[in-house]
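Computed from the coordinates by the stated procedures, all read-outs in this text should not be read as laboratory data. Given the structure is predicted, the values throughout are model-derived calculations rather than measurements. In this analysis, Cβ positions are derived from the backbone assuming ideal geometry, glycine residues included, and neighbour counts consider all displayed protein chains.
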Amino acid sequence: MATIVLQVPEENLVSKVKQACKMLMGVTSVKVQKSQSKAEDITKTAHYKAAMDDVKNGRVTTYESLEDFYKEMGL
């Protein structure tokens, strides 16, 4: 069985494209999957902005090695 993937940029056209595909000879199933492209841009999140503010204002700690980090944490 072959699979064809269609990308429909306009949400309001999805149902019409689905109906049209069902009318094609040999089509046994038509499924709609929401696009992953609407994933949130991490650089726009509050957590990212807070982290960048920490970096900008020197509120970060660096270690030479993982062992140095463990020593600092008392592990």
- Item | Under DSSP loop assignment and at most 16 Cβ neighbours within 10 Å, longest GluC sites (Glu not before Pro)-free interval of the chain | 11-39
- the range 1-62: Cα Rg divided by the 2.2 N^0.38 Å rule of thumb: 2.04
- Query: Can you pull out the trypsin sites (Lys or Arg not before Pro) in the range 11-75 that DSSP calls coil and that have at most 13 other Cβ atoms within 10 Å?
  - Reply: Lys31, Lys34, Arg59
- Query: Between Arg59 and Leu24, what length in nm is gained on full extension when 0.36 nm per residue of separation is reduced by their alpha carbon distance?
  - Reply: 6.5 nm
- Under 17 Å from the Cα of Lys44 - aspartates and glutamates, other chains or at least 8 residues apart: Asp53, Asp54
- Query: For labels at Glu11 and Ile42 in the simple 7 Å Cα→Cβ model, what's the distance in nm?
  - Reply: 2.6
